[in-house]
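Reviewing the structure listed below.
Every read-out reported here was derived from the displayed coordinates using simple, explicitly stated rules and does not represent laboratory data. Just so it is clear, the model here is predicted, and its values are computed rather than measured. With ideal geometry, Cβ positions are generated from the backbone for all residues, glycine too; neighbour counts draw on all protein chains shown.
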Amino acid sequence: MSKIQKAFENGKAFIPFITCGDPDLATTEAAVREAVKNGADLIELGIPFSDPTAEGPVIQAANLRALKGGIHTELIFDFVRHLRKNITIPLVFMTYANVVFSYGSERFMKTCAEVGIDGVILPDIPYEEKDEFLPYCHQYGVDLISLIAPTSENRIGMIAKDAEGFIYLVSSLGVTGVRNEINTDLESMMKTIRQYTNLPCAIGFGISSPEQAKKMAAIADGVIVGSAIVRLLEQYGTKAAPVVGQFTKEIKEAVLSTGTQNPP
């Protein structure tokens, strides 16, 4: 069992997403620590990229703010190395293929392993092209997290069978961002996934409130919240960490109120 899967052992998991360096790395660190203190089971750290195609306007803007502030991949690796002195929960990177390519794919995965990153999410890499990265992931023990979207349709089984760490179930068509309603038939998608794997499955894209989180956690093994947290960081700036902590507490309580993990 990978370390990532252990994040799902104590009931439903909550996974917050935070863009590294927005507004600065000191605030990112404070927000991560507050999230961990208030119940986050795994943290998804965004490495900023100039053209984040899967992201809506909130996270796009965070990427640009971080890049304008001088954030780059090497700084983020040093940041994670520092975090790992006393943060023990699983950490995964969410970034794009060009970030990995420009750093050097093998060097990137090797450095992930060295600093304590447990997995990588690359939303612009389709299942059919993952072999460009998978050998390096396996060589250095970094899980390559698979995404399953409403458009995956007949490919759900194929993707689920080969997935590792956890499955990122995309709730809606389009890019990330707060949504008032999520109308995708996620229960049917979960049933199909469960025919092929018992790997934990977390739903992301559009979840922004405790009520939505509770509803999604009833379907899957965990929930991912990104834009709502990034928006708090935009709104409160360097004073955002306690607000992120309180929000994490509210989401985690809602997620846990659905009960324990779904049976296989």
Item checked: Positive-end residue, the range 3-256 charge dipole about Cα centroid, Cβ charges, pick of VAL92, ILE43, GLY11 -> GLY11
Margin query: Counting other C-beta atoms within 10 Å, and keeping those with at most 15, which DSSP coil trypsin sites (Lys or Arg not before Pro) do you find in the range 1-94?
Written below: ARG84, LYS85
Check: Using a simple charge model, +1 on the beta-carbon of Lys and Arg, -1 on the beta-carbon of Asp and Glu, nothing else, what dipole does the range 3-54 show about its Cα centre, in debye to the nearest 20?
Finding: 320 debye
Checklist line | Per principal axis, descending, Cα span of the chain in whole Å | finding: 44, 39, 32
Check: Toward the positive end of the charge dipole of the chain, about the Cα centre and with charges on Cβ (Lys, Arg +1; Asp, Glu -1), which of ALA160, HIS82, THR197 goes farthest?
Finding: HIS82
Check: Tell me which lysines have Cα within less than 24 Å of LYS37's Cα, excluding those fewer than 8 residues away on the same chain?
Finding: LYS3, LYS6, LYS12, LYS85, LYS214, LYS215, LYS239, LYS249, LYS252
Item checked: Point-charge dipole on Cβ atoms (K/R +1, D/E -1) for the chain, about Cα centre, debye to 20 -> 660 debye
Next item on the list: Only helical DSSP H runs with n ≥ 4 go in: add -39500 (n - 2.57) per run for the chain, normalise by residue count and round the 222 nm mean residue ellipticity to 500 deg cm²/dmol.
Entry: -12500 deg cm²/dmol
